[in-house]
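The values are calculated or read from the model by the stated rules, or taken from the named source; none is laboratory data. Owing to the predicted nature of the structure, the values given are computational and were not obtained by experimental measurement. FYI the Cβ positions are ideal-geometry reconstructions off the backbone, even for glycines, and counts take in every protein chain you see. The accessibility values were calculated without ligands, DNA or RNA, using every heavy atom of the protein model including side chains. Shrake-Rupley method; radii C 1.70, N 1.55, O 1.52, S 1.80 Å.
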Amino acid sequence: MKSRRYSDFINMELETINKDLALAKDNLSKLKFEHKVKGLANPSAITQLRKEIAQMNTELSRRKNSK
């Protein structure tokens, strides 16, 4: 999984960020479940995904507060 940078989210449309955020949260819950059940080959994927979700939330908050 290729990790995106915060600068990628700055240039995204609001709808795209919301859609990606929903997908990322869904993927995170699936990864957590899979990790609990049988373990992951790359458990750092959970950390990377959590970081990406936090970056999307940060950008959404920044846009909300700048209005």
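Points worth noting:
- Hits in the stretch 1-15 (condition: farther than 15 Å from Lys51 by Cβ and surrounded by 12 or more Cβ atoms within 10 Å (Cβ to Cβ)): Ile10, Met12
- Output for the stretch 1-41, where each listed residue is of a type in the set (S, T, N, Q) and part of a helix (DSSP H, G or I): Ser7, Thr16, Asn18, Asn27, Ser29
- The lone criterion from (1) at pLDDT 95 or above; (2) under 11 Å from the mean Cα position of the chain (by Cα); (3) open to solvent by less than 90 Å² (accessible area, probe 1.4 Å) left unmet by Ser29 is number (2).
- Here Lys51 passes the criteria (1) part of a helix (DSSP H, G or I); (2) of a type outside the set (A, V, I, L, M, F, W, C); (3) open to solvent by less than 90 Å² (accessible area, probe 1.4 Å); (4) in contact (Cβ under 8 Å) with a residue 24 or more places away in the chain except the one numbered (3).
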